[in-house]
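Novice: If you scroll down you'll find the structure; I have some questions about it.
A short reminder: the numbers here are calculations on the coordinates, not readings from a lab. All values derive from a computational prediction rather than experimental measurement. Here Cβ is always computed from backbone atoms with ideal geometry, including for glycine, and neighbour counts include all displayed protein chains.
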Amino acid sequence: MPGKAADPYQKPLWVRFRKDLRQHYLAYLMLIPAVVLIFIFHYIPMYGILIAFKNYKPKLGILGSQWIGLEHFRNFFTGVFFPRLLRNTLWISIYGSVIGYPMPVILALLLNEVTHLRYKKVLQTISYMPYFISTVVICGMLKSFLSYDGLFNALGRMLGNPPISYLSEPAYFPSIIVWSGLWQSVGWNSIIYMSALSNIDQQLYEAARIDGCGRLRQAWHVTIPGIIPTFVILLILGMGSIFAVDSSKILLLYGPQTYETGDVFGTYVYRIGIKGGEFDFSAAVDLCQTVVGFLLLILVNWISRRTTEQSLW
Amino acid sequence: MKKLLALVLCAMTLCTLIGSAALAEEPDEMWIGDHTISWWIPMDGKTTQYFEDYSEHPFFQWMHEKTGVTVEFYHYAIEQKDTQLQLMINSDNYYDMLFDPWYTDGPQNAINDGIFQDIYEYRDIMPHYFQAVTCGDGSYSDWEWGEEAALYRQAPQPAFDFLLTTVQGQMWTVSQVWTDAYTTECGGLIRQDWLDEAGLEMPTTVEELDKVLEAFAARGEDVIPMTMDEPGFDYSGGWLCSAYDFFYNWYYVKDGVVQPGNACGQPCLKAYIEQFSDWFNKGYIDPDFMNREYASKEALLLTDRLGIFPDCWSSPEYYEALYTGDDPDYKLAAMPIIRMTEDQDIHWMQSYGSQNSNNACVYPGNGNAEICCRYLDAMFTKEATIRAEYGVEGESFVYDENGHPYYTEWFYENYKPNDLAYSYLRPSNVVGYVSVRAYDLRQAVDTSIEGQKTVSSDWFAASSVWGANADADYVIGYVTFDDTGWGDMYTPYTNAETYYTAEVLKLLTGKTDISEFETISQTAWDMGYHESRDLMQAAYNVQHQQAADYGMDYQFGE
């Protein structure tokens, strides 16, 4: 009787899993610590989300505190600072993404074109170094560089510009955060693209050269398509944390004079939750960020699947 | 015969027992027993240069010998304080003693929630501490001696125990008790040599200050005539805001009416802003004042670039000693509070003698509250206080024939500021009685005085200038709330503060025109100052009434 060939994937999941487990038991064994870690530190604490819906009192505990439903969410969305927080968070995040995503790609492409190995290694090391400096030190350096007597104003004076107290000017604050973030991470983030570049089949370059492509056209037709999947995956993942801008650096650099452009959800949560002790309200704000981030991630993943055929799932 | 022998033996045994009992030492009043308690406290900044942990500190090693109690210290970084405290609260896992914990629902709720021990419950086993906070006339420290004895005596503060008492009549902390020596700990320092060169007298009024700033600005582009604290107000001492009759700090109370510290919307604030903005735009004020950190201000002062520097816990001599620049005439002086007119009364003067400080709160949930209270009380004994202030008997101090402690020659010969003092004397943030001799020693010793050595306090001298002719009538003190009152007050206050501080900064720096002042102030008032002020006023009224019932004049000052 003619029939379809037996498709092993049609077997029940448990059977397939058992077979896979037998074949790759070592890999599964290695996976266990990571799964346990994620379960303990990411799933068990999730029950704490409950405090976003409660008038949380540490003395009464999470379950014992009074249930108040969506009151914290209402207070947040109708709060006087909500529009400003939303605007600042989105602006710094989008600005950071627009600058932060292409730059490591460009750096990786440029480094890829450097043929002198020692020079290339030196460049790579220099570009990675800021990543290993702690945020506190970075902020100290920034304060020094951007002060009235600092490096930037010294350069400005040489060009005949009047000095500016950069960290006192709300207009400069998002740029300071974004560009200093780029300085810190561009080298490090380029590593993954360097890795993607090294996986591109060299025969493609050879074929392109035979077809008469110069270096620029090789980059356009071979290199960039080769790293687009990595770029898209990182972009999709990044969308999930669009509301999670680096608030630790902002906290170290901002002040009342720059709240107007620098106060974001993360800093607000820190001020109200940690300093003010309103954990329930802060949990509600955080939950909002996470839910919106998650929805954005799904949306971007769907768009990407439809347009580039690249997606997380 | 046997009976006689037995009788003799019995008599001998009895004599031995009686003799032993008679010869036995009196039990040490500080001895508590073999216990272990934990203390969550940061290390005094300079102490970290010499010790890894307070348990290594000779004072605490001595305390261990005297009390038998082992203290396990948990030192946190200052900037981690709030985070660690909130984590402690939420994990319900506390140390036995907590340094200056800021419970967001206020001290009363901390006691109600079982986080702070009501110290009154252990009143009977804390005789020394309660003598210190209730004697009212300063007699607790009657061992202080010498010409400065009156200065080093405890500040007479009849309401001190009341300051530590909540609205429900419970005591929420064990506080440091201070001497009366300092009128205030903050004020301005000025380049005296620059004043002399300009032929100007020490400024005492806003008008005179304006002339001084102009003269300092004329010294060159690199010179910053005056720097200011970050929000644009002198929260270090009120030496400039006082002229405008307000004080930028939390709340203050004027004629029984509670006001937000920044005098939201009031004409006095507007006048201050107009003057400040004028100075800022003329280049008289540090253009980076909003971002400049303390170390950077210090660097300006020590590199001949700064004329006037608001500071706390320092003295002109301290910076003169640190100065390594080229100017042989480098000289600083403490500035008196700036007034609008020479005869203006100043009503803001905050000093440690009139308020609680460096508090140690006891957590009752670990079952060690009694041991903690006894240990803290031991730190208020005369022996512990003298050990804390004078060091080791026979080495750094001896008693004279009148029973007065005084420092030995050896101590003076070996003394170096910020060095020996930290090995011998109690760390500055630890509770106990603070007579300030030890604090003086951290700064400078004047060995030029003939005869019995005394400590010349530059710090005290600066404080005297800063606090001259001022009282503390506007100081609101520690207002405690019942139930949810604190939280109800704090949230609208924070909202208004967040908005107003930023907007006032724009006015101060001239980015927003002063004509917007009323509109901005009204917004802040509606945003939360109004509501929070009313709640603070109500709580203050209750506390004020209780103080009156307690037989005390709760108003500070005098």
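Novice: Are there GluC sites (Glu not before Pro) in the range A:224-313 that DSSP marks as loop and that have at most 14 other Cβ atoms within 10 Å, and which are they?
Specialist: Loop-located and lightly packed - A:309.
Novice: Still on this structure, I have one more. Could you pull out the chymotrypsin sites (Phe, Trp or Tyr not before Pro) across the range B:51-126 that fall in loop regions by DSSP (anything but H, G, I, E, B) with no more than 10 other Cβ atoms inside 10 Å?
Specialist: Here no loop site has a sparse enough neighbourhood.
Novice: Another question, then. Sort B:294-301, A:248-255 for me by packing, meaning the mean count of neighbouring Cβ atoms within 10 Å per residue, highest on top.
Specialist: Descending mean neighbour count gives A:248-255, B:294-301.
Novice: Here's another thing I want to ask about it. Considering amide H positions built from the backbone, and no H for Pro or chain starts, which residues 5 or more places from residue B:188, or on another chain, come under 5 Å of its amide H?
Specialist: Sorted by chain and number, the residues that satisfy this are B:311, B:335.
Novice: Convert each backbone phi in the range A:193-208 into a coupling constant with the Karplus relation 6.51 cos²θ - 1.76 cosθ + 1.60 (shift: θ = phi - 60°), then list the ³J(HN,Hα) values in order as whole Hz, x for Gly and Pro.
Specialist: 6, 4, 5, 5, 5, 5, 8, 6, 4, 4, 5, 5, 5, 4, 4, 5
Novice: Count the net charge of all other residues whose Cβ sits under 12 Å from the Cβ of residue B:500, scoring Lys and Arg as +1 and Asp and Glu as -1.
Specialist: Net charge around residue B:500: -2.
Novice: Apply 1/(1 + (r/R0)^6) to the Cβ-Cβ distance of residue A:306 and residue A:195, taking R0 = 22 Å, and write down the FRET efficiency to the nearest 0.05.
Specialist: E(calc), rounded to 0.05, equals 0.20.
Novice: Note down the nm distance, to one decimal, between modelled labels 7 Å out along Cα→Cβ at residue B:299 and at residue A:78.
Specialist: Reported label-point gap for residue B:299 and residue A:78 is 4.9 nm.
Novice: Which FRET efficiency value, to the nearest 0.05, is calculated for residue A:126 and residue B:327 with the Förster distance at 45 angstrom and r the Cβ-Cβ distance?
Specialist: For residue A:126 and residue B:327, the calculated efficiency is 0.60.
Novice: Dividing the alpha-carbon Rg of the range A:80-307 by 2.2 N^0.38 Å yields what?
Specialist: Rounded to two decimals, the normalised Rg is 1.20.
Novice: I'd like the mean, over residues of B:290-296, of how many other protein chain beta carbons sit within 10 Å of each residue's own Cβ.
Specialist: The mean count of partner-chain Cβ atoms within 10 Å per residue comes to 5.
Novice: Structure shown: which of A:249/B:81; A:275/B:270; A:249/A:275 lie over 28 Å apart, alpha-carbon to alpha-carbon?
Specialist: Where the Cα-Cα span goes over 28 Å, the pairs concerned are A:275/B:270.
Novice: For the range B:208-213, in order, what is each residue's ³J(HN,Hα) by Karplus, 6.51 cos²θ - 1.76 cosθ + 1.60 with θ = phi - 60°, in whole Hz (x at glycine and Pro)?
Specialist: 5, 4, 4, 5, 5, 4
Novice: What are the residues whose amide H is under 5 Å from the amide H of residue B:346, where those residues sit 5 or more places off or on another chain and H is modelled from the backbone?
Specialist: Correct list: B:471.
Novice: If you keep only loop residues by DSSP, which GluC sites (Glu not before Pro) in the range B:49-98 have at most 13 other Cβ atoms within 10 Å of their Cβ?
Specialist: Qualifying residues, ordered by number: B:52.
Novice: In terms of modelled amide H atoms, which long-range or inter-chain residues lie less than 5 Å from the amide H of residue B:332?
Specialist: Answer set, sorted by chain and number: B:192.
Novice: Ok, one more. At 222 nm, what helix-only mean residue ellipticity would the protein assembly as shown give, in deg cm²/dmol to the nearest 500, using -39500 (n - 2.57) for each DSSP H run of four or more?
Specialist: That comes out to -14500 deg cm²/dmol.
Novice: Restricting everything to alpha-carbon atoms, can you work out Rg to Rh for the protein assembly as shown with a Kirkwood hydrodynamic radius?
Specialist: Here Rg/Rh amounts to 1.04.
Novice: Residue by residue through the range B:272-280, what is 3J(HN,Hα) from phi via Karplus (6.51 cos²θ - 1.76 cosθ + 1.60, θ = phi - 60°)? Round to whole Hz and write x for glycine and proline.
Specialist: The phi angles translate into 4, 4, 4, 5, 4, 4, 4, 5, 4 Hz.
Novice: Straight-line reach only, C-alpha to C-alpha below 23 angstrom: list the lysines that residue B:331 could link to, leaving out same-chain residues fewer than 8 apart.
Specialist: B:211, B:297, B:416
Novice: Which of the lysines could be linked to residue B:66 by a straight reach, that is with a Cα gap under 24 Å, when you skip same-chain ones fewer than 8 residues away?
Specialist: Filter leaves B:382.
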